[in-house]
Every structure is written in C-alpha cells, then in structure tokens.
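First comes the structure, then the notes that go with it.
The values are calculated or read from the model by the stated rules, or taken from the named source; none is laboratory data. This one's a predicted model, so the numbers in the text were calculated from it and none came from an experiment. Cβ sites come from the backbone with ideal geometry, for glycine too, and all protein chains shown count toward neighbours.
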Amino acid sequence: MSKKLAAGVDIGGTLTKVGLVDEEGELYAHLDFPTRGYTTVDNFISVLASKIQHLAKQLSFAFEMMGLGIGAPNANYYRGTIEHASNLEWKGIIPFVSKAKAHFNMPVYMTNDANAAAIGEVVYGDAKMMRDFMVITLGTGLGSGIYANGELIYGHDSMAGELGHISIDKKGRLDGLGIKGGLEAYVSSTGIKRTIFELLSDSISDSELRNYSFNNLNGEVITRAAENGDKIACAAFEMTGKILGEQLANFVAFSHPEAIFLLGGLAKSGKWIFEPTQRHLEENLIPHYKGKVKLLPSGMIDKNAAILGAAALVWNKQKHKIFDNNQL
C-alpha cells in the first residue's frame, strides 16, 4: 500500500524551503535553495519542479502525491497569485499557480505564508480542537493568520490579516511596505535588532551586543546576551514584548480568540519574549477578556514549520473538500 504524501513549499525572500510530508507531519525529505537569482518566475518554477522530483527519488517506499501546498508572501488564495511582494524579485501580480500548471501533475494550493502557518497549527500543531485563534509569525516581518468560528479569515480579496502593517506611530520606523510606524518594524526578528541598535546609540553601558554588526546579529545571540544579564538585550525584549502585548490586546477585541500562538525566530527566545508580552497583553485587555486568552508557543515551533504549514494546505483541502480556484 502506498503512502500518501504532500509537497510543502515555503517561498521566502532569501530561501525557498521544500519538503515531502505525510498527514501525521512526518517530514521524509527536504531541502532549500535560493529564491533569488532567476531571470523569470518561469525559470524559478522549473527549478522548483526539479527539486521536488529530486526529493521524490530519495524515497525508498511507494507513495502517492496528493498535492502541492505553497506558502508565499502576498499570496492571493483565491487567484493563485503573488501580488506586489516587497521581498521578492518578481514585481507586480504573478500568476504563480497558472504558470505551475505545466510542471505539476497534482492539485496545487497557494496562500499567504502566515495563513499557511495557521492552517498548519490546525493540522499539525496545538489548535486541532480550537475554532478561534490567531497565529502570529515573528520572522523578518510580522505575519498573522486568524481563525474565527472554525474558518480561516481571508477577507473578500484574500488579503485579510495584515496586522504587521498596522501603524502604531505615524512618526515611527518604516516597515517593509513603507508604512510609518508599522508594527513589524518593532516586533519581528528585524525589529528587535533595530531596537537594540537604538538602545546602544542612546547608552554608554557595556554590552556584548556592541561586538556585532546589524547583519551579524541574530535571535540566538540576543537571547544568549539576555541570559547573561546584558542590560541592552533585556531592555530590548521588554520593549518588544510591551509593544506586542499592547497590540495583541487590541487584536483580541475584534475576534476574541481562545489562544494566540507565537511562531518564528523571535518566538524561539522563549521566556524573554513570552513573559513581557503576556504581562502587557493582560494589562491592556478590557475587563471581560481578562484571563480568557492564552498566549502559547506554536505546536510547530521545534519543527520545520514553514514546510509543514504549506503541506497542511493539501490535507486541509482533502479533509474539507472545499472548491478552490487554486486547484489545478
């Protein structure tokens, strides 16, 4: 009897991650390759197809491919397009799914990468029994996937949930879309680095973080510095958690989720981001929400969440059998 598998693809600004996954979340083969450097999106899709074929040849058992799930920035679920993605080389509206038709002999589904993470939380993570929750991805930017009444919220044109681009300060930092004071400019792996460099410039305190350039600084270094008692690192986590907690309290008001899951590089900082976020979330909730919203690490935080989230699109469709214009 052949095993049923799905291909999961996460298209990031730097790397594209590809893997073959079963319905239980077992990842049988995976790889990544650079997203940039292709003259056209057609060339990229051709290479993507060859990478999936390469992974399939590594398997030593009989299998059936049930579909391909793709998570990508600014992906339109309804149209199968990538639209005006700021961190990809392909500009404008890219009909990605229709272009893939010549390469993949299986159903193809595409959605925003944060929405894929939310679907992954239902299929593989800790939201299996939840109808109302949010997933906040804290990577290069801030993404959000929102479930309400058991359904992922797409909005009328598939672009709902861009919470990372809500302006919290009209005179503040520019985010990835050029929004003044966009939330992701403060709360993300990039945002906390910007905070650290602002703190370093305003202080003469000793800090091990002074030994790093912006490009060489990462979440692991910042977390280790905080664990060593570095005042700049600790202050940066407190500031980041304060902003995130305050904004999560605002987000609770429009959908009242049972839980908010944090995923991504910044979430891996553990207590350093969770404790201040939880404190400021609870402080800013209006009375009838207090004590009713859980702040949790994603159930996929120690897994290859990007690939699993993308693959989960296939299993989600298999389960619900919902018509989808993305299907090839």
Qualifying residue in segment 49-72 (condition: among the aromatic types (Phe, Trp, Tyr), more than 23 Å from Gly155 (Cβ to Cβ) and in contact (Cβ under 8 Å) with a residue 40 or more places away in the chain): yes
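Hey, among Asn304, Asn215, which residue is polar (S, T, N, Q), touching a residue at least 40 places away in the same chain (Cβ under 8 Å), closer than 17 Å to Gly139 by Cβ and out of contact with any Ser or Thr (no Cβ under 8 Å at 6 or more places or on another chain)?
Asn304
Residue-by-condition table, conditions (1) over 22 Å from the mean Cα position of the chain (by Cα); (2) at pLDDT 95 or above:
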site: Val21; (1), (2): no, yes
site: His30; (1), (2): no, yes
site: Phe33; (1), (2): no, yes
site: Gly37; (1), (2): yes, no
site: Thr40; (1), (2): yes, no
site: Ser46; (1), (2): yes, yes
site: Ala49; (1), (2): yes, yes
site: His54; (1), (2): yes, yes
The lone exception for Phe61 - which of (1) surrounded by 15 or more Cβ atoms within 10 Å (Cβ to Cβ); (2) in contact with a strand residue (DSSP E or B) (Cβ under 7 Å, 6 or more places away or on another chain) it fails: (1)
Which numbered condition Val97 fails, given (1) in a strand (DSSP E or B); (2) in contact (Cβ under 8 Å) with a residue 60 or more places away in the chain: (1)
Flag if Leu281 is of a type outside the set (Val, Ile, Thr), assigned by TED's automatic domain parsing to the domain that holds Ser188 and part of a strand (DSSP E or B): no
Count - residues of segment 165-217 that are buried (at least 18 other Cβ atoms within 10 Å of the Cβ), in contact with a His (Cβ under 9 Å, 6 or more places away or on another chain) and hydrophobic (A, V, I, L, M, F, W, C): 2
Every residue from segment 170-219 that is among the basic types (Lys, Arg) and outside any strand (DSSP E or B): Lys170, Lys171, Arg173, Lys193, Arg194, Arg210
Residue in segment 265-274 that is assigned to a helix (DSSP H, G or I), polar (S, T, N, Q), assigned by TED's automatic domain parsing to the domain that holds Val221 and touching a Ser or Thr at 6+ places or on another chain (Cβ under 7 Å) present: yes
Selection status of Leu88, part of a loop (DSSP other than H, G, I, E, B), touching a residue at least 24 places away in the same chain (Cβ under 8 Å) and surrounded by 19 or more Cβ atoms within 10 Å (Cβ to Cβ): yes
Flag for Asp230 being of a type in the set (Asp, Glu) and either surrounded by fewer than 18 Cβ atoms within 10 Å (Cβ to Cβ) or touching a Gly at 6+ places or on another chain (Cβ under 9 Å) (or both): no
Qualifying residues in segment 107-117 (those that are under 14 Å from Ser298 (Cβ atoms) and in contact (Cβ under 8 Å) with a residue 60 or more places away in the chain) - the one surrounded by the most Cβ atoms within 10 Å (Cβ to Cβ): Ala116
